[in-house]
Every structure is written in structure tokens, then in C-alpha cells.
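Here is the structure we will look at.
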Amino acid sequence: MATLKEFEEALKAAGNVAALEILDKLRERDRANRTIRPARRLVGRKMTPELAAEIQYLHRTTSMTQQEIAFHLGVNQGRVNEVIKRGKWLDGDPNAPEAIARDKAKERAKDGVGIAPRKPAVKKTSRPKLVTPANEAAEKKPSEKKPPEKKAKAAGPQAQLPFEGF
């Protein structure tokens, strides 16, 4: 597959002026319709009870979506959801589960990138079968049991419900 630049060069080499003009018009149209989107945040704010209260306030008083609230306040949309749906972060208790998890994550981030991966689990091997004279004889000797017979199904119709008037 050729790139747009390669395509343009091929058109120039072929002397296809009409196609080059169309390509220029398409570029101008795209430039005119281009919008500048806000960049994703690089560093989020520390979640505090005050910030959680602000999230709750914005959620109650505006028609902003969770994503819009998150971008406006500089936090993750998942945190906004936790505050709105579960009431997390609304108290200033440093021993709250979310505060402890946040502090652990910050310590891990200082030390490196996340937690070291676990060692792969060792697969358990099945134990070898004990070979006894009785087992050897059973394996060599074909089974004399007959397969169970299948019961014949009744040929008649299954239960039917009357649908009178339909």
C-alpha cells in the first residue's frame, strides 16, 4: 500500500494535473474542518475529599458527563465514577481503603513501574500409573462387556397444546 506522498509523487511523474488539483482541494477541505482536541492529561491531581465534593457538586448541578468532569478537574474518569456511584473519597480518613491503595501505588511508582510480575506457576505432572500384573492383563485383554443398549424413542408426537382460534 502506498503512502499519500508516494501517490502524489506518482501523479506528478505521470503528469496527471487534474488528479493533483483534486488532491489539493481535498487537503484544503480537511484543513478547514480540522479541530484542535484537548490533549490527555499527563499527571492527575491527588484525590482529596475536597476534590470529591467538587465532583459531586458538578455532577448534581450541571449536565456534564463523567468524562467532561474528569477533564475539567484533571482526574481520571474512573475516579469520577467511583465518587459518584460509590461515594468514595468523601471522607478525609487516611486509613480508608482507597487512600491506602493510592499511597501504595505512589510508593510503587517511586520504586519503578508497577509490581514485579509473578513467577509462572509450575504445572503439576500426573503421577505414573503403577504397573501390576492385574493392570497389564486388563490392558491386553479386550473388554467383554457389551455397550449399553439405547432405548428406542416413541414415534408418536410430543405433547401439543391446542391453539384454537389462531
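Results, tabulated for the structure shown:
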{"item": "First in the stretch 48-64 and at positive phi, second anywhere and crowded, with 16+ Cβ neighbours inside 10 Å, Cβ under 7 Å, 6 or more apart", "result": "none"}
{"item": "Residues that are under 19 Å from Ala101 (Cα atoms) and part of a helix (DSSP H, G or I), drawn from the stretch 52-83", "result": "Ala52, Gln77, Gly78, Arg79, Val80, Asn81, Glu82, Val83"}
{"item": "Among residues of the stretch 2-20, those that are loosely packed, with under 11 Cβ neighbours inside 10 Å and either on the phi < 0 side of the Ramachandran plot or in a helix (DSSP H, G or I) (or both), counted", "result": "9"}
{"item": "Hey, Arg41 surrounded by 12 or more Cβ atoms within 10 Å (Cβ to Cβ), modelled with pLDDT under 90 and not assigned by TED's automatic domain parsing to the domain that holds Lys104 or not", "result": "yes"}
{"item": "Odd one out for Arg86, checked against (1) surrounded by 12 or more Cβ atoms within 10 Å (Cβ to Cβ); (2) under 19 Å from Leu58 (Cβ atoms)", "result": "(1)"}
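The values are calculated or read from the model by the stated rules, or taken from the named source; none is laboratory data. Keep in mind it's a predicted model, so treat the numbers as computed, not measured. When we count neighbours, we look across all protein chains shown, and the Cβ atoms used for this are built from the backbone with ideal geometry, even at glycine.
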